[in-house]
1. From (1) touching a residue at least 60 places away in the same chain (Cβ under 8 Å); (2) surrounded by 14 or more Cβ atoms within 10 Å (Cβ to Cβ); (3) over 30 Å from residue 305 (Cα atoms), pick out the condition that doesn't hold for residue 225.
2. Residue check, residue 64 against (1) without any contact (Cβ under 8 Å) to a residue 24 or more places away in the chain; (2) in contact with a His (Cβ under 6 Å, 6 or more places away or on another chain), all met but one. Which one?
3. Hey, residue 96 hits all of (1) in contact with a strand residue (DSSP E or B) (Cβ under 6 Å, 6 or more places away or on another chain); (2) of a type outside the set (Val, Ile, Thr); (3) not in a strand (DSSP E or B) but one; which does it fall short on?
4. Please report, ordered by residue number, the strands (runs of 3 or more DSSP E) entirely within segment 182-295 with at least 3 residues that are over 30 Å from residue 159 (Cα atoms).
5. Residues being under 21 Å from residue 171 (Cα atoms) and either modelled with pLDDT under 95 or surrounded by fewer than 13 Cβ atoms within 10 Å (Cβ to Cβ) (or both): count how many of those fall in segment 114-131.
6. Being part of a strand (DSSP E or B), under 21 Å from the mean Cα position of the chain (by Cα) and without any contact (Cβ under 8 Å) to a residue 40 or more places away in the chain is true for just one of 137, 143. Which residue is that?
7. State the number of residues belonging to segment 220-246 that are touching a Gly at 6+ places or on another chain (Cβ under 7 Å) and not aromatic (Phe, Trp, Tyr).
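The values are calculated or read from the model by the stated rules, or taken from the named source; none is laboratory data. Model, not experiment: these values are computed from the prediction. Cβ placement follows ideal geometry from the backbone for every residue including glycine, while neighbour counts extend to all protein chains displayed.
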Amino acid sequence: MSSIKPSPITPSSNIRLALSVTSGAEANGTATNIITVNVIYYQGERPNPAWVALSVTGNALFSNGSNTNMVSTDTSGRISVPITNRTIETVTVTAAYANLTSYADTIFQAHVPEPQYNLTGQVLVNNQVANGSNANRVSFTLRDSNQPVGNAQLNLSATNGAILSSSPIITNVNGTAEVSLTNARPGNASVTATLAIAPTISRTVATNFIAIPPNYELYPELILNNQPADSHSPNVARVKLYDLNTNFGVPDMVINYNELGSPFPPFQQITSSSGEITIYATSANPMEITYLVSLQVNPDIKTSFIFNFT
């Protein structure tokens, strides 16, 4: 079995010894900072391999269990070597080759626990009218190990066509951020917040938008009036139920109507597909008759008209 033996080297000003070390590994005895050495020859033949003496201060150790190590570079003059530590401290790495020496400091730090994020949501304002302007409002609060997390970005999405006032949102010093949402569509609308730096952390809260309450109005129209008082020539009136929010007639609604002062129960009709009913009346005597008309489900929605018989 053959092995590559180091070539003899002669100290020379044409050699540069470059040293770098990563920093910030946890001082747990297994996490590593990495020493990288590069032996650079500007002239002449590079030894293959080049042997570099490494040492480290404090309680840091090489993989051989010592604070010193002799390592050989690859054919490009480069070598990377890990070191570990169980002590939280800053240590100095020394690399020596020929008559050259380089130094670099590196830090072993305390254990940094994985974040234990908890994202909660709360509905602040709910059951607004689905008119595209009235807004429900929700808040989200982010904590790490029960401590508020500020300046965290939350990406948002909403369902059922709801429009969010902003997205993303940023938590304040209390770990909380709020957002409003509007909708022109009644029904449930959920908002989901996702933590930008940890997309598996999310929370959904459900809100509800209610339909715009109808704004009913009854409109009478005299089709025939001033008919003869002959008991068979009718006056005719058409009454239409409108929803002023849509300006359309409202079908399938019960309308009550009767003569003013009548002791009898009112007549009833159901509105047509266009929201209308038609009222016919005859009289044997010349007179004026006032009719009162109202919406059965809401008697405050009412109107009147006068038939005249000649």
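1. (3)
2. Going through (1) without any contact (Cβ under 8 Å) to a residue 24 or more places away in the chain; (2) in contact with a His (Cβ under 6 Å, 6 or more places away or on another chain) one by one, residue 64 breaks only (2).
3. Failed condition: (3).
4. 216-224, 235-243, 254-259, 267-270, 276-281, 287-295
5. Residues in segment 114-131 being under 21 Å from residue 171 (Cα atoms) and either modelled with pLDDT under 95 or surrounded by fewer than 13 Cβ atoms within 10 Å (Cβ to Cβ) (or both): 3 in total.
6. 143
7. Residues flagged as touching a Gly at 6+ places or on another chain (Cβ under 7 Å) and not aromatic (Phe, Trp, Tyr) within segment 220-246 amount to 2.
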